[in-house]
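Written below as structure tokens is the structure these notes are about.
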């Protein structure tokens, strides 16, 4: 108790509380702007702590890290654009609620679940401090593989009525994650001679393209986020809070998932989100289907990802093994302030450790309350015209993407992933399954190879591995049987041609990956990609055959493009308006990318925003100019002042110097 009182007294000093609040607001800003990410912000803030004492420094850092997964739901709910990889699962139901006029309710549920999850994670950290070291040390490499494999089995549930497509999409995502220099054999895989790809495909850019651009295309066609004229009210916000309180068992269970799996090194925040979402989807409760605006689909991932921060600190403090990528950066702050993870953090520095618990808890409360206060004005954004919103969101996506490597390939990757996301959305290939496979692929390969090196194939017989892999298999079988029963009961049939072409193309891609891996890679670098490509080939081939047989049963004379009336969420064939929206977003992204390369990011922002708003239907010229100027100032403040790093010289400036 003396240590707790000491920690509270130390943290009650005005400057330290000021640093905590400053960290919270920095985290909220980072979460709102797609493309920055908590990792970059954490690395940016560490140099600012050089002259601070340890209490102030970790108040600032943990205040920021604890809440960027709270505010990243703002673009996820309003625009379908995940503010960070941790908000990808929230997009599915949160954005669907916003389109139905329930943005305020979605915000209320999200923020209250985030606050409870964050405080719960802090309490788990406090309770686990005395016993965390032996628990984490008990887990071996095969156990980590089994945990990740169990997480991957969630795709069967995420895929809903298309389990085979879900499994194929997950394998496709895993193959994409293998692009780059292999860490085991040290060779490049599928880089096509491009140095840009040596580090692999950046996760943030993949998610921005996969989830963000397709939703912007839909927004462009709808004209506004909200599909009706209902005004956001505080009643809607309180309804979301009451939803969270009503679903308290789900909140506690998903917070437990976030805390416990957050303590396992290698299980990232994106994985936690999907596991929590998959768990909730198995018990949908009342209301709409998952993916169509079920509030439980917002509550589950938000409570899990905020609880993660406390859990990931457990192995970091106990013995210096970061529980997440952000914790690996936080270890640098430990070194900077002369702290050694391990017994000292539970002994002579125990008060500082308890202050970290205090910082996480208070940061989540302050962050959630701040966001709740802003809920009503934020929800009003749902009524703003798409002619204004789309150029603004495209600006932050493209400029944020360019921050990753300051390369033109950043633009190519975001637009390319956007095109893939649009195709997957229209052809009903679950993007959530792809994203889960993408984030789990490297961990699965690493744990698989290490386990194979140490134990051969005998590791498959270990008890915990058998239990987790068994649960994964049971989950997939259960969902497949549900799909078979639903299919036999009848229902709408999709047009065959797009489905056959897509699944056949996936089969050819898998075969090419299998052959190139077998011929061109050494055994260490080839074994897991070959397994993944083989599974992708099987799943996509079966999907091709299945679709062809379903078309044949309708009669060979039936046009391949014929379809019966569809139910919500089943099939979205590409239509002429949809294609127009997709091409419109791709064109806007290309235009802004070219402008950035030619005239620089600030001039490009002003020209693009003003020109796009006028092009998309503004009746005056003053309003677009004012909005463009404000956006340019904001971009300068975020990407030049806050995240200050040298921008490449625009082509126009280079031409002038040459002349």
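No lab work stands behind these numbers, since they all come straight from the coordinates. For clarity, every value in this text was computed on a predicted model and none was experimentally measured. As a convention, Cβ positions derive from the backbone with ideal geometry for all residues, glycine included, and neighbour counts pool all protein chains shown.
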Expected output is a single nm value to one decimal: the length gained when fully extending between residue 239 and residue 185, i.e. 0.36 nm times separation in residues minus the C-alpha distance. What is it?
14.1 nm
Can you put 289, 425 in order, fewest other beta carbons within 10 Å first?
289, 425
Relative packing of 427-433, 522-528, which averages over residues the other C-beta atoms within 10 Å, highest first
427-433, 522-528
When you count, for each residue, the other Cβ atoms within 10 Å and take the mean per peptide, how do 466-473, 599-606, 164-171 rank with the highest first?
164-171, 599-606, 466-473
Could you list 112, 56 so that the one with the fewest beta carbons within 10 Å of its beta carbon is first and the one with the most is last?
56, 112
Peptide ranges 502-512, 201-211, 115-125, 441-451 listed from the most packed, as the mean C-beta count within 10 angstrom indicates
115-125, 201-211, 441-451, 502-512
Measure off 7 Å from each Cα along the Cα-to-Cβ vector at residue 636 and residue 5, then give the distance between these two points in nanometres to one decimal.
5.3 nm
Sorted by Cβ density within 10 Å, fewest first, the residues 153, 303, 407
407, 153, 303
